[in-house]
Every structure is written in C-alpha cells, then in structure tokens.
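Data block below; observations after.
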Amino acid sequence: MKKIAFIGAGAMAEALVKGLIAAEQLPAEAIWLTNHANEARLQELHSEYGVSITRSRTELLRDAAVIILSMKPKDAEAAMLYLKEAKLKPGQIVVSVLAGIHTSFLEKYLPEGQPVVRVMPNTSATILEAATAVAAGVAAGSYEMRLVSSLFETVGTAVQVEEEAMDAVTAISGSGPAYLYYMMEALEEASIQVGLDAFIGKQLLIQTFKGVAKMLEQSDLTPAQLRANITSAGGTTAAGIGVLEEQGVKAAVQACVHAAATRSKEMG
Ligand code: NAD
C-alpha cells in the first residue's frame, strides 16, 4: 500500500499509527495525518513516530489508498463535507472508526461506488490488543474488507461482521473493557476488605485476568466448563459463586449488555 491518510489525530489514530509502524506494514512517512486546529498535536506525532503531517487536503489525500476518519462522531458531518469537496478518486477506501455512524450516512457525501468500511475497535488498541469488528458499506468488496481487516490486525484482532451487528459489537467489545474494569474495581476493593495489601491484590488480580483470557483462548472448553472444573462442591469457589447466583449477577451482566446495545441503536 502506498499511503494511509488520517483525518483526526487523536487517541485512536495514535494507537493505529503505533500498530502500523510496529507491524512494518508501511514506512512511517507513508502514514499521513491532519487534525483540526491543533498543530502542536501533529508536531508531537511527527516527532514521536516520524509520520508525515499536513494541513493541505490535497497533499493529505493524494494517492492515499485508505482514508481513515478518526474524529469524534459529532464532527463526522464536517469531515464528510471536507471529503465531498476533495473529489476522491474511485477506489480510495474511506474507513470510519466513528461509533454509531452508519455507512449510509457517510456514503451520502461520496460519489456512488466509493468504498466505505466501518470498523469498531476498542480502547485496548493503544496497547495493540484491540478487538475490532469490520463491516462493509454498499460498495466495499472482499478486497477492501481484507485490506482494512489487515490494517486493524496490527492493533489486535479483527473479525468481519454485517453492519447490522455493529450495535451488538459496540455493546460487547466496544464497551466491554469498561465492564471488565468495573469487575476489576470491585475485586480490588474486595481484596483489601479481606485483608490483602492493595499492591499485592492488584498484581494477583491482573495475572488472574490474563490467565483466564489465555486459558479461554487456548482451551476447547467453554467458560461454563472451565468454571465447573475449578468449583468443587462445598469448597471456597462454590461459596463465592453461590453468592453471585443468589444476587443475580449473570442477569445483571446480560441487562448491562442489552442496555448498551439499545443505546447504540438509539445513537445510530
Ligand atoms: P480524540 O478526541 O482523541 O481525537 C479526535 C481528533 O480529531 C481531535 O484531535 C480533533 O481535533 C480531530 N478532528 C475533529 N474533527 C476534525 C476534522 N473535521 N478534521 C480534522 N480533524 C478533526 O478522539 P478518539 O478517542 O481518537 O476517537 C476518535 C474516534 O474513534 C471516535 O469517533 C470514536 O467513536 C472512535 N473510537 C474510539 C475508541 C477509543 O477507544 N478511543 C474505540 C472505538 C472507536
């Protein structure tokens, strides 16, 4: 690929820049960024990563194979007007990371047939461990989907879904890190309550989370089977899980995901 252009040089753009450079997918200077009235931020990214920065729309978009929209959703319309005036070349792929913005909204501003791909990464992109879902707009085919998936695989894993699934994706992996941080917060507080030093409790919990994620990745067993395997009748784990069941924690978690999916639908 010749060149990637980012419109919006915030946290998500930086995570992707880091991933692309680490994966050696293309040289740093082939990654171009522009931003909204924040020259210092552009300079910072240039010094840190050696990427190219510009205020010129023509320079930004010339020969860009992929154009990544990475501003907040509220700024999408302004960015699309900016792209509309630019008159993109056929085949230049417009990629949106904007939560809750449908590809049909973006396509309205583009010539018919311009490929648009929508992605939903999550915050772990900053440490190259994002879970990303990728969905095609009307004019994006398997070539565009493969190319965009491979870009997002540089910051974690990427799966292809139909766009209808994006609200569910947002509710699971988009917001998911916050649910797990919430769980971690509760466990950290509890570790202190049962007498552990805060630092030691945190270290034990971090490794416990990592171990569980790796075990799920490497094992053929379901979470329910893995849990059953380590829960002996009358034991300590059974005592703890019994309280979770009594207090309806599974139903609460499911209600949480439903609420997030509903909110995502309302916002779209
Ligand atoms: P951010 O606020 O850190 O960065 C956005 C940048 O875009 C800002 O620096 C702003 O100045 C610039 N900008 C706004 N409008 C512009 C325009 N018209 N032209 C050029 N630059 C413009 O935001 P972020 O956290 O990087 O999030 C960006 C997008 O990524 C959001 O739409 C969000 O929904 C999506 N996203 C973020 C995460 C995450 O974990 N941060 C996860 C999934 C999706």
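Taken together, the values in this text are just the output of simple stated rules run on the coordinates, not laboratory data. Since the structure is predicted, the reported quantities are computational estimates derived from the model, not experimental observations. Methodologically, a virtual Cβ is constructed for each residue, glycine included, from the backbone with ideal geometry; neighbour enumeration extends over all protein chains shown.
General remarks:
- Distances between every pair of Cα atoms in segment 148-223, grouped in 5 Å steps from 0 to the bin holding the largest one, split as 3, 12, 14, 18, 19, 15, 9, 5, 3, 1 percent.
- Annotation: lysines with alpha-carbon distance below 19 angstrom to K18 (same-chain offsets under eight excluded): K2, K3.
- Taking the inverse of the mean reciprocal distance over all distinct Cα pairs, the Kirkwood hydrodynamic radius of segment 106-244 comes to 18.0 Å.
- Taking Cβ atoms as reference points and 13 Å as the exclusive limit, the residues near I21 contribute a net charge of -3, counting Lys and Arg as +1 and Asp and Glu as -1.
- Considering only L45, L83, L204, the mean-square fluctuation computed in a Gaussian network model of the chain, springs between alpha carbons under 10 angstrom, is largest for L204.
- Helix 236-246 axis, angle to the chain major axis (alpha carbon atoms, nearest 10°): 70
- Diffusion coefficient, µm² s⁻¹, Stokes-Einstein with Kirkwood Rh over alpha-carbon pairs of the chain at 4 °C and 1.567 mPa s: 63
- In order through segment 88-98: 3J(HN,Hα) via Karplus (6.51 cos²θ - 1.76 cosθ + 1.60), integer Hz, x for Gly, Pro: 5, 7, x, x, 5, 8, 9, 10, 10, 9, 6
- Rough spin-label spacing in nm, given labels placed 7 Å along Cα→Cβ, for A23 and E185: 3.2
- Summary of packing: across the peptides 24-33, 177-186, the per-residue average of other C-beta atoms within 10 Å ranks them, highest first, as 24-33, 177-186.
- Computed from Cα positions, the angle between helix 142-152 and the longest principal axis of the chain comes to roughly 60 degrees.
- Highest-first arrangement of 10-22, 52-64, where packing means the average Cβ count within 10 Å: 10-22, 52-64
- Partner lysines for K74 [C-alpha distance under 24 Å; skip if fewer than 8 residues away on the same chain]: K84, K87, K108, K265
- Gyration tensor verdict on segment 63-124 (Cα atoms; rounded if a/c is under 1.5, prolate if a/b is larger than b/c, oblate otherwise): prolate
- Between the helical axis of 249-267 and the longest alpha-carbon principal axis of the chain there is an angle of about 20 degrees.
- Environment charge at I192 (Cβ cut-off 14 Å; Lys +1, Arg +1, Asp -1, Glu -1): -3
- Under a 5 Å amide H cut-off, with hydrogens placed 1.01 Å from N, L33 pairs with F6, S52, I53, T54 among residues at least 5 apart or on other chains.
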